[in-house]
Amino acid sequence: MEIELIEIQQFLAQHPPFNVLPEEALKRLPEQLEIIYLRRGTDFPPHANKCYIVRSGALELADQNSESLYEKLAEGALYVADCKSFNQQARSGKAIEDSLLYMADCHLMDDLGRTYPKFGEFFTHSLHKRLQNAVANLHEENPLELANQQPVSDLIRHPPVCIETDQSIQAAAKYMTEQNVSSLLISDQGKLAGILTDRDFRKRCLAVGRSVTDPVSAIMTTDPHTISPETSVNAALLYMVRRNIHHLPVCRGDEILGMFTTTDIMLNQGGNAALLAGSIAKAPDTATLVKYSTRIPLLHRQWVNNGANAAQLGETLSRMTDAITIRLLQLAEAELGPPPVPYVWMAGGSQGRLEQSSHSDQDNALLISDVMQPTDDAYFAELSKFVSDGLNACGFIYCPGDAMATNAKWRQPLANWLAYYAHWVSSPDPMALMLASIFFDLRPVHGDMGLFQQLQAQMLELTRGNQFFLAYLMSNAMQHRPPLGFFRQFVLIHDGQHDDTLDLKHTGIVPLTDIARVLALAGGIEAVNTLQRLEQAVEKKLVSTEMADNLKDAWTFIAGLRIRHQAAQIARDETPDNFLDPKTLPSLERGYLKDAFRIIQTQQEVMVKRYGADNLR
């Protein structure tokens, strides 16, 4: 084979989907390609009914509806939209650099797709579908990947243990003993009316001296949370963690099917997040909380092994931090006495967004009622120190930038917080823009939720449609770019400490978080979670459904790589970090990662055009 053909073969072998072809097919392919050179500014595609592979240079494709930038193609990228069998929307554009392309007939690609199904799947699936498949396959090699994705109906061990509301407390206790269960389903004419647990007996009967001849309805928990039998074990567990409950009735409509408990979870795969949250809520002191916090990295590893995605794990870890924070606040109030005025403790950053990983510091703040007197600050200073010191002892290290309630600046009454936001929005200096990633993502954890609602409502009123502020915010967001050398190769870190790695947080997660934040503040969206912000941005027509889906897929894939990387570090007893060596990824996953980074880069450029500083001129 001529040296030029060998070079083409080697190039194709390095890029999906050609890398899935057997060697004999790769050897034949170069002879069937034409080489085309496009000068910068030349219209693309130059010929109809052809497939193009970018060897060098770069192309821009336009969205035919809005004529705005849709996608960029560079080294290794493919364009097959003119091939009807691939069922992709044709788009036109221009070469934005002098570009060298390989061109193939569509029927050649059709033949390869029919002969080699994995090759064909790459073309027939959209970028959105490819990333969805990538997310689904992250744990493909793990035998536990579906363990907690099974429906809860699979774990219900016996028919519903149920009595009617008019039965006595004594009858209920006797029935529970006979059935050897710790909870009962209470029905009223066949419909679920409540549940009864051992705890209800202690708190509502024995502790208050209630007669055991009273009806069970007098001590049951009414209107309990329920789930459907199709709910996955992971989803049920997350539901229990959010609400700190240990029993969930399983119902289909009015039909009572059984009770799902934390014991069922433990017997299934040892998933003990709900139990851990319950233990944290009852911890008698900080030392006990520190002991419980050592289980959180193991929980991370366990959830990854059981197939949890990054959103599920992020919320679970954040809820664990919430539980520790709430217990610390309760312990502080027990020691210091009740607060002199209402307050609400707020979490910022990744905890605020419910996106924590196992490598997080603490970002928090205190919002206090405007009836606060200057002398009240001594109490709140002590409260904040107690909680922050406790969080640090539990592994959530002090914020390097001092964005914590221990800093008097971030422990203020409502009026002062509103003044902060008004200043940040009207005078977005570098410090204000740096603080945006923390204080524009606040979420209430404990205290007077009404205070937070007032703060958030007025803050969003300041930012909604504020082109001046959004321009500065978007400009600041562009400091975090995907690590691609113009879509060609990964730009790796060379700092002497993390050489030849990718920083998945600052070059992947943070840019996506920034995009979602700008959209949320532009549209007055209350959600602070990145995926929820993107979903609501679609509803407000701030981003297309297709692009939002692509951005959500990119976040889920990159964050999925990060939690898997960290789980492996935890297994090796290493400190989790965000630095991934791309050589440890299979070639297909490296291709998916480039797809994800390309989506981010494209949307960043779209948003710079919409919200960037040029719009202020």
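Since every read-out is calculated from the coordinates, none of them should be taken as a lab result. What you see is a predicted model, and the numbers here were worked out from it, not measured in a lab. In this analysis, Cβ positions are derived from the backbone assuming ideal geometry, glycine residues included, and neighbour counts consider all displayed protein chains.
Some points to look at:
- Across the range 296-616, the relative contact order, built from alpha-carbon pairs under 8 Å that are at least six residues apart, equals 20 percent.
- Gyration tensor verdict on the range 259-400 (Cα atoms; rounded if a/c is under 1.5, prolate if a/b is larger than b/c, oblate otherwise): prolate
- Angle in degrees between helix 467-477 and the longest Cα principal axis of the chain, rounded to the nearest 10: 80 degrees
- Mean-position separation - Cα centroids, the range 389-466 and the range 155-172, in angstrom: 48 Å
- The fewest-to-most ranking of GLU164, GLU71 by surrounding Cβ atoms within 10 Å reads GLU164, GLU71.
- Mean shadow area of the chain over all directions, Cα convex hull, nm²: 32.8 nm²
- Residue ranges 189-200, 314-325, 34-45 sort as 314-325, 189-200, 34-45 when ordered by packing (mean number of other C-beta atoms within 10 Å per residue, highest first).
- Dimensions of the range 152-270 from C-alpha coordinates, computed as largest minus smallest value along each principal axis and given longest first, are 40, 28, 26 Å.
- Qualifying aspartates and glutamates (Cα of each under 17 Å from Cα of LYS609; at least 8 residues distant if same chain): GLU60, ASP63, GLU67, GLU71, ASP514
- Principal axes of the range 296-616: Cα extent on each, largest first, Å: 61, 51, 36
- Cα principal axis extents for the range 217-329, largest first, Å: 44, 38, 23
- The angle between the Cα long axis of helix 233-243 and the main principal axis of the chain comes to about 50°, on a 0 to 90 degree scale.
- Rg ratio (alpha-carbon, reference 2.2 N^0.38 Å) - the range 3-124: 1.03
- Computed on the range 3-124, with alpha-carbon pairs under 8 angstrom and 6+ residues apart, the relative contact order is 31 percent.
- The HN-Hα couplings worked out from phi for the range 390-404 by the Karplus form 6.51 cos²θ - 1.76 cosθ + 1.60 (θ = phi - 60°) are x, 4, 4, 5, 7, x, 9, 5, 4, 5, x, x, 6, 8, 9 Hz, whole numbers, x standing for Gly and Pro.
- In degrees, nearest ten, helix 127-136 long axis to first principal axis of the chain (Cα): 50 degrees
- For the range 517-591, the ratio of Cα radius of gyration to the globular rule of thumb 2.2 N^0.38 Å stands at 1.41.
- Using only the C-alpha atoms, the convex hull of the range 1-48 corresponds to 107 Å³ per residue.
- When each of LYS94/LYS118; LYS282/LYS385; LYS282/LYS409; LYS203/LYS385 is checked by Cα-Cα distance, pairs over 26 Å: LYS94/LYS118; LYS282/LYS409; LYS203/LYS385
- Using only alpha carbons, the range 332-407 has a radius of gyration to Kirkwood radius ratio (Rg to Rh) of 0.99.
- For the range 152-270, the relative contact order is 30 percent, taking Cα pairs closer than 8 Å that sit 6 or more residues apart in sequence and dividing their mean separation by the residue count.
- Ranked by how many other beta carbons lie within 10 Å on average, peptides 457-468, 375-386, 593-604, 401-412 from highest: 593-604, 401-412, 375-386, 457-468
- Share, in percent, of DSSP beta bridges within the range 147-248 that are antiparallel, nearest 5: 75 percent
- By DSSP, the beta bridges lying fully in the chain are antiparallel in about 90 percent of cases.
- Kirkwood hydrodynamic radius of the range 392-501, from inverse mean 1/r over distinct Cα pairs, in Å: 16.8 Å
- Between GLY41, MET478, ASN364, the Cα set farthest toward the positive side of the dipole of the chain (charges on each charged residue's Cβ, about the Cα centre) is that of ASN364.
- Every helix of 4 or more DSSP H residues in the chain counts as -39500 (n - 2.57), and over all residues that averages to -14000 deg cm²/dmol at 222 nm.
- Cα-centred dipole magnitude for the range 296-616, charges only on beta-carbon of K, R (+1) and D, E (-1), debye, nearest 20: 820 debye
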